[in-house]
Amino acid sequence: MDKSSLPVVSVVMIAYNKADYISDAIKGVVCQRTPFPIELIVMDDCSTDATGQIAKQWQKRYPEIVRYFRNPSNLGLQRNYIEGFRHVRGKYLAICDADDYWFYRGKLRKMVGYMDAHSDCTVAFHRVVNYYESTGEKTFSNGSTPADCDVRLLSTSNFITNLSVLYRADAVDLGNLQEWILEDRAPDYALHMLFASRGTIHFFRRPMGVYRKAAGSAWSLNDQFTRYRMSLKVRLNLMREFAGRPEIVDGLRSASSDIVKAMAAVASDESLKQEVREYAGILGCGIPESRPSVTPVADPSQGILKRAYRLLFRLLPLPRP
C-alpha cells in the first residue's frame, strides 16, 4: 500500500456482547474531524449478540474507516487487544472499548497536532467523564494531574483512562509484547508504562470522552481483594521489566506496598491473610496491625457543597458522541 494512503491514527476497539453500546463507540470515532486519514479496527471476540451485525452496518457506511474482524473463538480481553494491535497501520494508536465513547470531534486533531509538534511525547491523554449507569452519577477524572510528566509519576499511580490515550505506535513493538502482558486481566496500565518509558506524557484538561461504568461489568463483579491482587501482579511484573531503572521501580514498589496494605484490610480468611504476608515479604513492607476504625468528624458545610455539586452534575445531560 502507498505510504501516503496509510492512516495517521489507528483506533483499536475490542468488543464482546456490546450490542447496546457499540454504535455510540463507533460513531464517536468515525465522526472525528481530522485533516488526515484514520482507521477503526473493531475486534469482535466471538460475540453471541448483535454486536457483529451492528459493526458491519457501520463498516458499510464508512468502508474507508471501519475494519471489522471477528475472532473464530473467544480469546478473552487481553488476547483480543493483542490481536487488534496486529492490524495497526497508523503512526499513532488510540484505544476506545465498545462500551465507551468520544464526544469531542476535534479530539484526534488536537492530540495528533500536539504529538507531531513534540517528538519526545510518546503518550498523550485527556480528561473524561466517568458515568455510573446504575445511579446516573457523573464525575470528572484527573482533577490534579500536571500537564506534562513522565513515567516516574505514572509508576506511582495509574491516572490514565484507557479511552483517552494516544500512543506513538512505533515507540513499542506491538507485535512482540512481553508474554506476561497476556496474563494481565486489564493490560492498559502495562501498556501505558511501556510507552511512557520511551518518552514524555502530556495531559489535556479538556474532557473528550465518556468512560461508562456499567453495572454488572467484568470489573465490577470482582471483589475488592481480587481487584487489588490484579493491580499488584501487574506492578510486580513491571518491577521486573524495569529492573535496570530504579527511579521507576521505586515508584512501583511504593504503590505496591500501599496495595498490600489495602489487601490486608479486606482479607477475609486465613488463606488470603497468608497471601498478603507473602506479598509483603516479597516487597519488604510491613503490614499494619488492625485497629478499631475511627470515624472522622466531617465538616457539615463541605458535605453540603459536595452533595450539591454531585446533584447538579447528575442533572446535566450526558455528552453524546
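Kindly identify the range 28-161 as rounded, prolate or oblate by the Cα gyration tensor criterion: order the square roots of the eigenvalues as a ≥ b ≥ c, call it rounded if a/c is under 1.5, otherwise compare a/b with b/c, prolate if a/b is larger, else oblate. Provide the component values of the computation, followed by the final result.
Working: a/c = 1.61, a/b = 1.35, b/c = 1.19.
Here the range 28-161 falls in the prolate category.
Once amide H atoms are placed 1.01 Å from N in the peptide plane, what residues at a sequence separation of 5 or more from TYR101, or on another chain, have their amide H within under 5 Å of its amide H?
Those qualifying (amide H under 5 Å, at least 5 residues apart or on another chain) are VAL210, ARG212.
Using the Karplus equation 6.51 cos²θ - 1.76 cosθ + 1.60 (θ = phi - 60°), what ³J(HN,Hα) coupling, rounded to whole Hz, does each residue of the range 227-237 give in order, writing x for Gly and Pro?
Values, residue by residue: 5, 4, 4, 4, 5, 5, 4, 5, 6, 5, 5 Hz.
Distances over 20 Å make up what percent of all Cα-Cα pairs in the range 61-120?
Working: 748 of 1770 pairs.
Distances greater than 20 Å cover 42 percent of the Cα pairs.
If DNA, RNA and ligands are ignored and the probe is 1.4 Å, what is the ranking of HIS202, HIS192, HIS118 by accessible area, most exposed first?
HIS118, HIS202, HIS192
According to the square roots a ≥ b ≥ c of the eigenvalues of the Cα gyration tensor, what is the shape class of the range 126-180, taking rounded for a/c under 1.5, prolate for a/b larger than b/c otherwise, and oblate for the remainder? Walk me through the numbers on the way to the answer.
Details: a/c = 2.44, a/b = 1.63, b/c = 1.49.
It comes out prolate by the Cα gyration axes.
Using modelled amide H (1.01 Å from N, peptide plane; none on Pro or chain starts), what sits under 5 Å from the amide H of ALA50, excluding residues fewer than 5 places away?
ALA19
Using the alpha carbons of the range 95-246, what is the convex hull volume per residue in cubic angstrom, as a whole number? List each step's numbers first, then the result.
Values: hull volume 19.0 nm³, N = 152.
Convex hull volume per residue, Cα atoms: 125 Å³.
Given Cα positions, please report Rg to Rh for the chain, the hydrodynamic radius being the Kirkwood one.
0.98
Give me the percent relative contact order of the chain, please, defined on Cα pairs under 8 angstrom at least 6 residues apart. Please list the in-between numbers first.
Numbers: 539 pairs, mean separation 59.6, N = 321.
For the chain, the relative contact order is 19 percent.
Largest first, how would ILE287, ILE26 line up by accessible area (1.4 Å probe)?
On the way: ILE287 65, ILE26 0 Å².
Order by accessible area, largest first: ILE287, ILE26.
Tell me the label-point distance for the pair ASP250, ASN74, using the 7 Å Cα-to-Cβ offset, in nm and rounded to one decimal.
Between ASP250 and ASN74, the label points sit 4.5 nm apart.
Please list, in chain and number order, the residues 5+ apart from GLU137 or on another chain whose amide H is under 5 Å from its amide H, with Hs placed from the backbone.
Under 5 Å from the amide H of GLU137 lie the amide H atoms of TYR132, each far enough along the sequence or on another chain.
Sorted from largest down, give the three principal axis spans of the alpha carbons of the range 1-103, whole angstrom values.
Extents along the principal axes: 37, 25, 21 Å.
How many percent of the accessible area of the chain is carbon or sulfur, using a 1.4 Å probe? Could you put the intermediate results ahead of the total?
Details: 8250 of 15960 Å².
Here it works out to 52 percent.
Rounded to whole Hz and in sequence order, give me ³J(HN,Hα) for the range 104-116 from the Karplus expression 6.51 cos²θ - 1.76 cosθ + 1.60, θ = phi - 60°, writing x for Gly and Pro.
8, 6, x, 4, 5, 4, 5, 6, 5, x, 5, 5, 5
Give me the net charge for the shell around ASN17: Cβ to Cβ below 11 angstrom, other residues only, Lys and Arg +1, Asp and Glu -1. Before the final figure, lay out each step's value.
Working: positive: LYS18; negative: ASP20, ASP44, ASP45, ASP49, ASP99.
Residues near ASN17 contribute -4 overall.
What accessible area per residue, rounded to a whole number of Å², is obtained for the chain using a probe radius of 1.4 Å? Working shown, then result.
Details: 15960 Å² over 321 residues.
Ligands and nucleic acids excluded, the figure is 50 Å² per residue.
According to a simple spin-label model (label point 7 Å from Cα along Cα-to-Cβ), what is the distance in nm between LEU182 and ARG205?
Roughly 4.4 nm, to one decimal.
The values are calculated or read from the model by the stated rules, or taken from the named source; none is laboratory data. The structure displayed is predicted, hence computed values, not measured ones. Ideal geometry is used to build each Cβ from the backbone, glycine not excepted, and the neighbour counts take in all protein chains shown. Just so you know, the surface numbers come from the protein's heavy atoms only, side chains and all, with ligands and any DNA or RNA stripped out. Shrake-Rupley method; radii C 1.70, N 1.55, O 1.52, S 1.80 Å.
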